[in-house]
Amino acid sequence: MKAYISIHAYAQMLLYPYSYKYTAIPNFNCVESAAQNAVAALYSAYGVRYRYGPASTTLYVSSGSSIDWAYRNGIPYAFAFELRDTGHFGFLLPESLIKPTCTETLRAVKAIASGLLKKCNTEKNRFPYI
């Protein structure tokens, strides 16, 4: 398994490890690049902006994160999407925004999957599980 994706609501973010500490993951450059490409693909659908980065610095430090568990157990690309919106509707996203949210998120997931087909140059040297 090369990727793990967890989907949540809400905050418009794409997060990756670590959640529990401020240290950068060994394959940071590869995962950061995948996140950047995913957010760009997401934006291309409806112009919705997502923040991205390590969960600990982009959101807050937390323990028990499934992305940290997946990463620690050998899955080199572990992401958590925090879907629309940024607080106006919160967890009660209007029905009219559900399909657009799905469309843009699918674009981002496809970008992550496409990126996995192309090996990151530094991956083998920086991530011992691959």
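The values are calculated or read from the model by the stated rules, or taken from the named source; none is laboratory data. Just so it is clear, the model here is predicted, and its values are computed rather than measured. Ideal geometry is used to build each Cβ from the backbone, glycine not excepted, and the neighbour counts take in all protein chains shown. We work out accessible area using only protein heavy atoms, side chains counted, and drop any ligands, DNA or RNA first. Shrake-Rupley method; radii C 1.70, N 1.55, O 1.52, S 1.80 Å.
Let me know the whole percent of all Cα-Cα pairs from region 68-108 that are separated by more than 17 Å.
Values: 382 of 820 pairs.
In whole percent, the long-distance tail amounts to 47.
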Nearest 10 degrees, 0 to 90: helix 95-117 Cα axis against the chain principal axis: 20 degrees
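Sorted by average packing, counted as other Cβ atoms within 10 angstrom per residue and highest first, what order do 46-59, 8-21 take?
The most tightly packed comes first, giving 8-21, 46-59.
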For region 45-98, what is the accessible area per residue in Å², given a 1.4 Å probe and the full set of protein chains? 57 Å²
Take the chain, connect every pair of alpha-carbon atoms lying under 10 Å apart with a spring to form a Gaussian network, then pick out the residue of 112, 67, 75 with the largest mean-square fluctuation. 75
Near residue 39, within a Cβ-to-Cβ distance under 15 Å, what is the net charge of the other residues, with Lys and Arg +1 and Asp and Glu -1? +2
For residue 117 and residue 9 in one chain, what is 0.36 nm times their gap in residues minus the Cα-Cα distance, to one decimal in nm? 36.1 nm
Isolated cysteines for the chain, Cβ-Cβ cutoff 4.7 Å, are 102
Helix 28-46: angle to the longest alpha-carbon principal axis of the chain, degrees 0 to 90, nearest 10? 20 degrees
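Of the accessible area of the chain, with the probe set at 1.4 angstrom, what percent is carbon plus sulfur?
Carbon with sulfur: 56 percent of the solvent-accessible area.
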Length gained when the stretch residue 44-residue 66 is fully extended (0.36 nm per residue, less Cα-Cα span): 5.1 nm
Answer with a single label: of [x] 0.97; [y] 1.20; [z] 1.05, which was calculated as Rg/Rh (Cα atoms, Kirkwood Rh) from the structure in view? [x]
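Could you tell me which of the pairs 21/118; 2/110; 2/119 are separated by over 21 angstrom between their Cα atoms in the structure shown?
21/118
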Just add up the charged neighbours of residue 4: K/R +1, D/E -1, any other residue whose Cβ is under 13 Å from the Cβ of residue 4. +1
Cut-off 15 Å between beta-carbons: net charge of the residues surrounding residue 99, Lys and Arg +1, Asp and Glu -1: -1
